[in-house]
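First comes the structure, then the notes that go with it.
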Amino acid sequence: MIACLERIVQDTDADSIPDDDVSTLSESLDLQGTIESGGITGVAGKDFGGLYSVKPLALIKPFGTEDIARVVNAASRTSHLTVAARGNGHSINGQAMADGGFVIDMRSTEENHFKPLTIDGSHYIDVSGGALWEDVLKRCVSMFRLAPRSWTDYLSLTVGGTLSNAGVSGQAFRFGPQTSNVTELEVVTGKGEITVCSETQNSELFFGALGGLGQLGIITRARVKLQPAPDMVSWIRVVYTEFEEFTRDAEFLVTQEEGESFDYVEGFVFSNSDDPINGWPSIPLDPDHEFNPAYIPQTAGSVLYCLEVALHYRNSDHPSTVDTNLDLVAVDDGLDEKKKSLLPEFGNCGTVSKWVPYKGGSVPIPAGTAVSRLLERLGFIQRLKFQLNVSYVEFLLRVKRAEEHAKANGNWDSPHPWLNIFVSKSSIVDFDRTVFRKMLKDGVGGPMLIYPLLRSKWDSRTSVVLPEGEIFYIVALLRFVPKGSTVEKLVAQNHEVIKWCNKEGLDF
C-alpha cells in the first residue's frame, strides 16, 4: 500500500491523477468511501478566504471514521504526503488545503452520528464532526425542543471545524465558547488511530484537539451539551458615540448573573457616514426601520459603536414579562374598573405603560419589563434603538440572509482577507483610538465586530491562546473585497494592524 502511494506521488502530477491511479489508490487504501482526483480548480483546492489555491493530490470522501483513519495512517508512513480535514471550507488562509496531499471532505460523514443522550439528568447530543451546526440546530429544536448552548454567528460550519478553533458568538460570555460545551470527542490522531477522549479519558488529546486547528487530531464525533430551546428572541441594536460608554455597558452586561442580563451580547464598529455597507444603513434590523443621523451628536467622531443584544423567551411567557417592541408611554391612572380587575393576575406590575390585546381582552404591559429594565441602565443614544422580535431559529440563522444576499450580488465567492484577534481589556482603548478611529475609519467592506468575553468561561487546558485578564475582546474584521480594491492592499492593511499592535506592546 505504501509503495503504491509513493509511486503515485512521485510519478504523477498532483494536478491530475489518471483514473487508473485513482482506482489503484482507492483499492490500496481499501476505503468504503470514494476518491476524486485533486486539482487547483476543484473544491479541495480553495477555501472561503480565496487568498490561496493549491493542487491537492486527491479529494477523499470518507464513508466513516475508519476511512479517515486509513488515509491518515497511510500518509503518516510516507515521506511527503500531507493531509487536511475540510469541513465546509470556511477557513481563510488555506488551513483546509493540502498541497500535493490528501484533502478529507468531512461533509460526507455528516449523517454518521446523531444520538440524543441523558446523563445524570443533563441532555447531550452525539453528532458527527462533519455535520453543519445549522442542521444540528434545526433537528434538535424540531425533534426535542433542545439546542446547544453556544454558537458561532454563521452556522454553515461543521462541528469539528469550529471545535478545532474555538467557536465564539454572543452567547460565549454566558456559556463559554463551543470548546467549553463538549464533554467527549472521537478523534483520529496523526498516526491514524481512532481514540475516544474526554476530560477524564485521554485528556491530553481531548484538550489538545479543542482549539488545535486540526493539527493534533481530526474530530469525527462530538458530544455537545444541550439546554431547553426558547421560542422567540427580542433582538435589539443601540448606538453609541463614545467608545468608553460602549465598552462600559457591554462589560456590565456580560458580568451580570444569568437571568439578570441579556442572553446574547455582541457589538460592532461602523463608519459615521451614509455608506450603505460600512455606515448608518448597516444598522437597522428591518427594512421598515430608518436610521436618522439627525440624532447623532455633532461631537461624534469618525466612527460610531453599536451594541447588539438579545433576550430569549417562550411563547408561554406572559406578555407582561417581555418587552414586545412597544413605544411605551407611562400612565398611572385613567384605568376603568374592568382593566383594574385584571391587575392581580399579573402581580405587582408597577407603572402601567400600555394596554395591548390579549386573548380577546387586554392586559397591562408594565414599564419595568425585562428588556426595558435592562436598557434603562445603558447610556446609548435613546432615539437610535432598533428592535425586532423573531423566532429563536431565525435569530440564530440571521447570517444566512446575509449569505444569500452576498451570493446574489456575487460577493460571497470574492476573496475574504479577514482578521480575527483577541485583545485584552487593558489594550482595547488604545486599539480603538488608532485602529478603528484612524486606520479603519472608512470601514472594511463588511462588519467590524468587537465585544467582550470572560476568560473564566474558557478552559485553559485547550489549545486556544488568550490574552491576560478576566475580560478580553474579540475583534473581527470581516472584509468583503469592495469593487476597485485589491486583495493585496487589504492583506497589507491587516499586517499593518498586527505590526502596530506589536510595536505598541498591546496584549493581544
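Evaluating kT/(6 pi eta Rh) at 20 °C and 1.002 mPa s, with the Kirkwood radius of the range 401-472 over Cα pairs in the Stokes-Einstein relation, gives 144 µm² s⁻¹. Each of R248 and S122 was given a label point 7 Å from its Cα along the Cα-to-Cβ line. The distance between the two points is 3.8 nm.
With Rh defined as the Kirkwood radius, the inverse of the mean 1/r over Cα pairs, the Rg/Rh of the range 30-106 is 0.95.
Computed in the context of the full set of protein chains, the accessible area of the range 114-228 at 1.4 Å probe radius has 48% of its extent on carbon or sulfur. In this label model, R433 and E204 are separated by 4.5 nm, measuring between points 7 Å along each Cα→Cβ vector. Here the dipole of the range 30-106 is about 140 debye; that uses its Cα centre as origin and unit charges on the Cβ of Lys and Arg (positive) and Asp and Glu (negative). Here's the picture: charge each Lys and Arg Cβ at +1 and each Asp and Glu Cβ at -1 in the range 114-228, and of Q178, C197, L216 the one pushed furthest to the positive end of that dipole is Q178.
Net charge of the neighbourhood of S108, taken over other residues with C-beta under 15 Å away and scored Lys/Arg +1, Asp/Glu -1, is -2. Pairs spanning more than 18 Å between alpha-carbon atoms, out of K225/K457; K425/K457; K138/K225; K438/K499; K46/K489: K46/K489.
Were the residues from D442 through E403 laid out at 0.36 nm apart, the gain over their Cα-Cα distance would be 11.8 nm.
Entry note, the range 30-106: relative contact order of 37 percent, from Cα contacts under 8 Å with a spacing of 6+ residues.
Could you work out how far the C-alpha centroid of the range 381-451 sits from that of the range 256-284, in angstrom? Each part reduced to its Cα centre gives a spacing of 8 Å.
The residues of the range 30-106 have, on average, 39 Å² of accessible surface per residue, using a 1.4 Å probe with all protein chains present.
Multiplying the residue separation of D507 and T299 by 0.36 nm and subtracting their alpha-carbon distance yields 71.9 nm.
The 1.4 Å probe gives accessible areas that order I296, I119, largest first, as I119, I296. For the range 30-106, the share of accessible area belonging to carbon and sulfur comes to 45 percent (1.4 Å probe, ligands and nucleic acids excluded). Taking a point 7 Å out from the Cα of F63 in the direction of its Cβ, the residues of the range 88-104 whose backbone N falls within less than 20 Å of it are 103-104. Extension gain for the segment R139 to N315, taken as residue separation times 0.36 nm less the Cα-Cα distance, is 61.4 nm to one decimal. The mean sequence separation of alpha-carbon pairs under 8 Å and at least six residues apart, normalised by the residue count of the range 393-508, gives a relative contact order of 38 percent. Per residue, the accessible area of the range 114-228 comes to 35 Å², computed with a 1.4 Å probe over protein heavy atoms only. Largest first, the extents of the alpha carbon coordinates of the range 114-228 on the three principal axes equal 39, 29, 23 Å. Within the range 37-186, the proportion of C-alpha pairs whose separation exceeds 19 Å stands at 56%.
The values are calculated or read from the model by the stated rules, or taken from the named source; none is laboratory data. What you are looking at is a predicted structure, and each value in this text was computed from that prediction instead of being measured. FYI the Cβ positions are ideal-geometry reconstructions off the backbone, even for glycines, and counts take in every protein chain you see. What goes into the accessible areas is simple: the full protein's heavy atoms, side chains included, and nothing from ligands, DNA or RNA. Shrake-Rupley method; radii C 1.70, N 1.55, O 1.52, S 1.80 Å.
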